[in-house]
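Heads up, the thing below is written out as structure tokens.
The values are calculated or read from the model by the stated rules, or taken from the named source; none is laboratory data. If you're wondering where the values come from, they're calculated on a predicted model, not measured in any experiment. Counting neighbours? That spans all protein chains shown, and the Cβs are built from the backbone with ideal geometry, glycine included. The area values use the complete protein model at the heavy-atom level, side chains included, leaving out ligands, DNA and RNA. Shrake-Rupley method; radii C 1.70, N 1.55, O 1.52, S 1.80 Å.
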Amino acid sequence: AQITVLSGLDPVRRRPGMYIGSTGPDGLHHLVWEVLDNAVDEVLGGHATNVAVELLPGGACRVTDDGRGIPVEVHPETGVSSLETVLTVL
């Protein structure tokens, strides 16, 4: 058997449906749900007071909150910023 190991964002780019369930409306729904869930967690944790969801033209969606955001200091395990780690390491 031939096994290809993909790292970083490569696996997501090649097979996004494996990570979000679909590349269609169901996948978008899953992503919006995850982002909204994170924003609500910030409020429940006392780190935010506002969450806004906007449905935009073309089927896009924007979720914003006034929470802490993603940390930017260097992550001890990856050696790069926590922001880069969150967005590239699965």
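Looking only at segment 39-52, count every residue that is free of Cβ contacts under 8 Å to residues at least 24 places away in the same chain and within 21 Å of Val86 (Cβ to Cβ) and tell me the total.
From segment 39-52, those free of Cβ contacts under 8 Å to residues at least 24 places away in the same chain are 40-41, 44-52; that's our starting set.
Okay, now just the ones that are also within 21 Å of Val86 (Cβ to Cβ), so 40-41, 44-45, 47-48, 51.
Qualifying residue count for the region: 7.
Within segment 54-73, the residues that satisfy the criterion of being exposed (fewer than 15 other Cβ atoms within 10 Å of the Cβ) and within 22 Å of Val86 (Cα to Cα) are Cys61, Arg62, Thr64, Asp66, Arg68, Gly69, Ile70, Pro71, Val72, Glu73. Among residues of segment 12-25 that are part of a loop (DSSP other than H, G, I, E, B), those with a Cβ under 6 angstrom from a residue that is surrounded by 10 or more Cβ atoms within 10 Å (Cβ to Cβ) and not β-branched (Val, Ile, Thr), sequence gap 6+ or separate chain, pair up as Gly21/Gly27; Gly21/His30; Thr23/Pro16; Thr23/Gly17.
Taking each residue of segment 59-84 that is without any contact (Cβ under 8 Å) to a residue 40 or more places away in the chain and looking for partners that are hydroxyl-bearing (Ser, Thr, Tyr) and open to solvent by 50 Å² or more (accessible area, probe 1.4 Å) with beta-carbon atoms closer than 8 Å, six or more apart or interchain, yields Asp66/Thr49; Glu84/Thr78. The residues in segment 56-72 that are in a loop (DSSP other than H, G, I, E, B) and of a type in the set (Ser, Thr, Tyr) can be counted, and the count is 0.
Can you find, within segment 22-34, the residue that is modelled with the lowest pLDDT among those that are open to solvent by less than 70 Å² (accessible area, probe 1.4 Å) and out of contact with any Gly (no Cβ under 8 Å at 6 or more places or on another chain)? Write out each step before concluding.
Going residue by residue through segment 22-34, those that are open to solvent by less than 70 Å² (accessible area, probe 1.4 Å) are 22, 24, 27, 32.
Checking the rest, the ones that are also out of contact with any Gly (no Cβ under 8 Å at 6 or more places or on another chain) come to 22, 24, 32.
Working: Ser22: 79, Gly24: 82, Val32: 88.
It comes out as Ser22.
Tell me whether segment 80-90 contains one or more residues that are on the phi > 0 side of the Ramachandran plot and modelled with pLDDT of 75 or more. Within segment 80-90, none of the residues are on the phi > 0 side of the Ramachandran plot and modelled with pLDDT of 75 or more. So for segment 73-82 (the condition being small (Gly, Ala, Ser) and part of a loop (DSSP other than H, G, I, E, B)), does at least one residue qualify? Yes, the conditions are met somewhere in segment 73-82.
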